[in-house]
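The values are calculated or read from the model by the stated rules, or taken from the named source; none is laboratory data. None of these values were measured; they are calculated from a predicted model. When we count neighbours, we look across all protein chains shown, and the Cβ atoms used for this are built from the backbone with ideal geometry, even at glycine. Protein only, heavy atoms only, side chains kept; ligands, DNA and RNA dropped before computing areas. Shrake-Rupley method; radii C 1.70, N 1.55, O 1.52, S 1.80 Å.
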Amino acid sequence: LLLVDSGAQYPDGTTDITRTMPVGTPSAEMKERFTLVLKGHIAIATAQFPEGISGARLDSLARAPLWQHGLDYDHGTGHGVGSYLNVHEGPQRIATSGGVPLQVGMILSNEPGYYKDGEYGIRIENLVIVVDKGMSADGRKKLLGFETITLAPINLELVDRSILSLDEIKWLNKYHADVYDVISPSVEEDVREWLKEATTAI
């Protein structure tokens, strides 16, 4: 597996993105663990929570699929992202140390992973922005959630569809449809063909 963590600074913001891809034929274990990381990534991407909740209380959502298999990772699930400052910029975090309540407009990374010592590493990282999700059903609490603002294919060769739920499959297919719709008009024909294959529905 090849893990690429990259980013850049632009006039309208800073990016931070990680993708993992196979070099050769991935093992069944690699695919299983990649898919467990993906399940955790989707759990954060789709989380809905009351206003006032800190990142520390969301961190376990990303780890739960790995925990069910006796696995974990040794870094935070997400960090704040600045612009022209530090890519890792607080005060917001999705981690056990993330005690600051999340607020609308904050940008964070969503980057669960798994690392097998001496063999391979897996991480899927997008940036998300905290958004207003309206009021709770009883009208007592304002709800927040995340909008994913990174648009790049997630490697499908490493996905074990059999361990994804229907909702997780729908999220992945919708995410990839958005990637294609936004990115394809801006690339050359050969790249567009690659992108179409890379974002095909599973």
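Spin-label model, Glu157 to Asp5: label points 7 Å out along the Cα-to-beta-carbon direction sit 2.3 nm apart. If R0 is 35 Å, the Cβ-Cβ spacing of His69 and Gln103 corresponds to a FRET efficiency of close to 0.55. The calculated FRET efficiency for Asp190 paired with Met21, based on their beta-carbon distance and R0 = 22 Å, is about 0.75. Every helix of 4 or more DSSP H residues in the chain counts as -39500 (n - 2.57), and over all residues that averages to -8500 deg cm²/dmol at 222 nm. Taken over the chain, lysine pairs spaced eight or more positions apart, or on distinct chains, with alpha carbons under 30 Å apart number 23. Note the angle between two axes, namely the Cα long axis of helix 28-45 and the longest principal axis of the Cα atoms of the chain, as a number of degrees from 0 to 90, rounded to the nearest 10. The two axes meet at around 30 degrees. Here the simple spin-label model places points 7 Å from the Cα toward Cβ, and for Glu147 and Asp167 these points are separated by 2.2 nm. Protein heavy-atom accessible surface, 1.4 Å probe, per residue over the chain: 51 Å². Comparing Tyr180, Thr199, Pro91 along the charge dipole axis of the chain, the residue lying farthest to the positive side is Pro91, per the Cβ-charge model.
Proximity of backbone amide H atoms, modeled 1.01 Å from N, is registered between Lys141 and Ser136 at under 5 Å, excluding neighbours fewer than 5 places apart on the same chain. Against the criterion of solvent-accessible heavy-atom surface with a 1.4 angstrom probe, Trp194, Trp171, Trp67 sort, most first, into Trp194, Trp67, Trp171. Listed values for segment 185-202 are Karplus-derived 3J(HN,Hα) couplings in whole Hz (6.51 cos²θ - 1.76 cosθ + 1.60, θ = phi - 60°), namely x, 9, 10, 5, 4, 5, 5, 4, 5, 4, 4, 4, 5, 5, 10, 5, 5, 9, and x replaces Gly and Pro.
The calculated FRET efficiency for the pair Ala56 and Asp117, based on their C-beta separation and a Förster distance of 25 Å, comes to about 0.40.
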